[in-house]
1. Quick check for you: with a 1.4 Å probe and neighbouring chains kept, what is the accessible area per residue of region 180-252, in Å²?
2. Looking at the P(r) of the chain, how many percent of alpha-carbon pairs lie beyond 27 Å?
3. Given the peptides 160-170, 181-191, 89-99, 226-236, arrange them by the average over their residues of other C-beta atoms within 10 Å, most packed first.
4. Using label points projected 7 Å from each Cα along Cα→Cβ, tell me how many nm separate THR123 and ARG83, to one decimal.
5. Quick one: if the Förster radius is 35 Å, what FRET efficiency do LEU71 and ALA253 give, using the C-beta to C-beta distance and rounding to 0.05?
6. So what's the Cα pair-distance distribution over region 100-223, bin width 10 Å, in %?
7. How charged is the neighbourhood of SER249? Take every other residue with its Cβ under 14 Å from the Cβ of SER249, and add Lys/Arg as +1 and Asp/Glu as -1.
8. Residue by residue through region 252-266, which ³J(HN,Hα) values in whole Hz follow from phi under the Karplus form 6.51 cos²θ - 1.76 cosθ + 1.60 (θ = phi - 60°), with glycine and proline marked x?
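The values are calculated or read from the model by the stated rules, or taken from the named source; none is laboratory data. What you see is a predicted model, and the numbers here were worked out from it, not measured in a lab. Neighbour counts run over all protein chains shown; Cβ positions are idealised from the backbone, glycine included. Please note that ligands, DNA and RNA were not included when accessible areas were found on the heavy atoms of the full protein model with its side chains. Shrake-Rupley method; radii C 1.70, N 1.55, O 1.52, S 1.80 Å.
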Amino acid sequence: MKLRVDGLSVRFHLPGAEVHAVTDARFELREGRCLALVGESGCGKSVMAHALLGLLPGNATVTGHAWLDSLDLVNAPEKVLARQIRGRRIGLIPQSPAAHLTPVRTARAQLAETLRELGRDETPESVAARAGLRPADLARYPHQLSGGMAQRVANALALAGDPPLIIADEPTSGLDRPLVDATMAELRRLCDEGRAVLIITHDLRAAEQVADDLAVMYAGRVVELAQADNFFAGPRHPYSRGLLDALPSRAFAPIPGQPPELTRLPGGCAFQPRCHLATSLCQEQPPLNEVACHHA
Ligand SMILES: Nc1ncnc2c1ncn2[C@@H]1O[C@H](COP(=O)(O)OP(=O)(O)OP(=O)(O)O)[C@@H](O)[C@H]1O
Ligand SMILES: [Mg+2]
């Protein structure tokens, strides 16, 4: 299994404005590897995940390609995505899982329904056990689940169809450190069993725990692709360096300024207004390399 995202762009059309949510994104992910997609809030991470699964609303236009082996997810008909891809070949663990559970149905009922839709003759209990839930937890309604339990139900739902590719969107937000560690260990295990895992996170420490590779997004673009070891030893894009320097365990120095509005992106490098290396060269869009920076 291989996912190859190539020149993927997403635009949202609003009255009087266009949101450049994802621009010319590219990365690759293979079975047995874990890629962490990192970047500040609003940079386009969730939109990218939803674009891969055909889950964007009607005001979105997606261009470019996202090859899952020989199938282009961007241009695949909805019927193919619904019957062959979602839940079967790609499992999505959504951001804020509690919000995606149906409030009036127990965890067991939701798991049973998903298993039925996928045509699997496994019991909810056995799928739940793999996600670290006890049978008693399954009788609960979403409002009776703690954040950590809701996360595990979401994991169980995403894994019910045993998909070879798992996309986990902020799987640790709102969890305390022990649960973060447990969730990350679980995702690593899925990966070591031969699945491909895409983790979307702004928790760089969590990314460091599990990722083989990193993709850094800024203002809708992938600005750095690196092996995790190399990245944490010495990131190359000034934005990546800023992200690492902002960590409490490092310099604890935030990047000055704010990311640009995606409806009004500056010409050239979008990071330039916040970058201490910026020169007149940066008025031009940097070439699409592993590091999209004129000064890297
Ligand atoms: N349906 C939509 N219509 C218009 N704009 C949207 C829509 N959905 C998302 N956006 C915009 O797309 C941009 C990227 O959003 P996205 O949810 O991908 O960010 P993110 O990187 O996942 O952030 P976070 O880390 O906070 O989850 C944001 O500017 C957001 O406002
Ligand atoms: Mg998001």
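1. Ligands and nucleic acids excluded, the figure is 38 Å² per residue.
2. Percentage above 27 Å: 42.
3. 160-170, 89-99, 181-191, 226-236
4. Simple spin-label model gives 3.2 nm for this pair.
5. Approximately 0.20, to the nearest 0.05.
6. Computed distribution, short to long bins: 12, 42, 33, 12, 1.
7. 0
8. 6, 10, x, 5, x, x, 10, x, x, 5, 6, 8, 9, 6, x
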